[in-house]
């Protein structure tokens, strides 16, 4: 029997959306669900919600919850990882310790100090997952949703579990945005994106064989003037001009970045180097932390109300790719998506050990990434510093090497643009101290 295991199931908001889609997929009517989290209170909430959802559609589906990772992984066919080690407390320190030293991060989960220290905290959990899987479910497909996507998915591979893919919704979400601007149905856009997660760009956007880039460029000034952010209630500045960063990158790189503009600001030295540039491009430091905090609190209240009978059971079905991938592998139905996988001959510009985001497909019950070849040189140049930084960070974590961690952070493009080396050292010292509980076995 197919078994789907969720690691980090205390994230009830994510699990409920995925479970809703599983329950709506007839081909998965007889699966077993295992929910695992180290937080027993959060896990119990997710379990209660999951069983409530199943009773209404497929009461025969077996759902178990455990704080024992090995038990949850035993017999797993698919493992979905949504962990955030350290939780919001450490998300805050990843954001606001750098701000105190002069580095303003809007999100901080992909490159730079925030990403590196997330990797440091999460690596032991990923190693445990890989070790347990080697004993109890060596053939399981691990689907990672945790950030930093490229680094954590790579870490699972480095620790020995090579059947792994990372998933992110930024590429499909950006197509919906582009479709809205261009006034066409999203499903009519033929697209290909590639690169490194959150830095990937659309290499092709077409409709019926016609290139849509001329239309997008012609509308770029209108987009800057008129596009707004539905999340802008968390930002006190004027929401208009929200897309300024992506339109400037479109002009520079010749391709449209998939991830949102405020996230893009963290990746380059131009948009958040000074207080003036932060004010111009937005948002203030910690925007994503504050947004996620509010969203998480609202989701928890909503779930508690449903469990207490104070609100009807209403669950928004996930639009992520994990359930369609599982369905395709189980049924042999073809399916296409973009995934994060090891760069085994996929993008010529990056080393083989890097994890890259490329078109993938399920074909003949196998996951097959498609080679992209050589990126446009300006895209490769924009992404290579991050690939190199990720490589240093991975070396630092695998070798428990503090000096390599310092180098990785110092060579991050935004960090080196905003801070001097002595200020970077001071910032890293503070982050080491803050994360000491996760680095007890480091020299």
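See the values below:
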{"item": "Residue 133 being outside any loop (DSSP other than H, G, I, E, B), surrounded by 24 or more Cβ atoms within 10 Å (Cβ to Cβ) and touching a strand residue (DSSP E or B) at 6+ places or on another chain (Cβ under 6 Å)", "result": "no"}
{"item": "Of all residues making up the stretch 78-101, the number that are over 16 Å from the mean Cα position of the chain (by Cα) and without any contact (Cβ under 8 Å) to a residue 24 or more places away in the chain", "result": "1"}
{"item": "Scope the stretch 365-391; condition in a helix (DSSP H, G or I) and either modelled with pLDDT under 95 or surrounded by fewer than 21 Cβ atoms within 10 Å (Cβ to Cβ) (or both); matching residues", "result": "377, 378, 380, 381, 384, 385, 388, 391"}
{"item": "Residue in the stretch 184-195 that is farther than 24 Å from residue 262 by Cβ and crowded, with 20+ Cβ neighbours inside 10 Å present", "result": "no"}
{"item": "Single condition residue 184 does not satisfy, out of (1) touching a helix residue (DSSP H, G or I) at 6+ places or on another chain (Cβ under 8 Å); (2) assigned to a loop (DSSP other than H, G, I, E, B); (3) farther than 14 Å from residue 338 by Cβ; (4) modelled with pLDDT of 95 or more", "result": "(1)"}
{"item": "Matching residues in the stretch 136-166 - criterion: being within 30 Å of residue 190 (Cβ to Cβ) and out of contact with any strand residue (DSSP E or B) (no Cβ under 6 Å at 6 or more places or on another chain)", "result": "145, 147, 148"}
{"item": "Residues within the stretch 187-204 that are in a strand (DSSP E or B) and farther than 19 Å from residue 347 by Cα, tallied", "result": "1"}
{"item": "Residues that are closer than 10 Å to residue 98 by Cβ and in a helix (DSSP H, G or I), drawn from the stretch 407-422", "result": "409, 414, 415, 418"}
{"item": "Residues (out of contact with any helix residue (DSSP H, G or I) (no Cβ under 8 Å at 6 or more places or on another chain) and assigned to a helix (DSSP H, G or I)) located in the stretch 152-169", "result": "153, 157"}
{"item": "Helices (runs of 4 or more DSSP H) fully within the stretch 1-75 counting 2 or more residues that are crowded, with 18+ Cβ neighbours inside 10 Å and under 21 Å from the mean Cα position of the chain (by Cα)", "result": "12-23"}
{"item": "Within the stretch 167-184, tally of residues that are more than 28 Å from residue 154 (Cβ to Cβ) and touching a strand residue (DSSP E or B) at 6+ places or on another chain (Cβ under 9 Å)", "result": "3"}
{"item": "Verdict on residue 126 being crowded, with 20+ Cβ neighbours inside 10 Å, modelled with pLDDT of 95 or more, under 30 Å from residue 428 (Cβ atoms) and touching a helix residue (DSSP H, G or I) at 6+ places or on another chain (Cβ under 7 Å)", "result": "yes"}
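The values are calculated or read from the model by the stated rules, or taken from the named source; none is laboratory data. In this text, all values refer to a predicted model and were calculated from it rather than measured experimentally. Because the Cβ atoms are built from the backbone with ideal geometry, glycine has one as well, and the counts that use them run over all protein chains shown.
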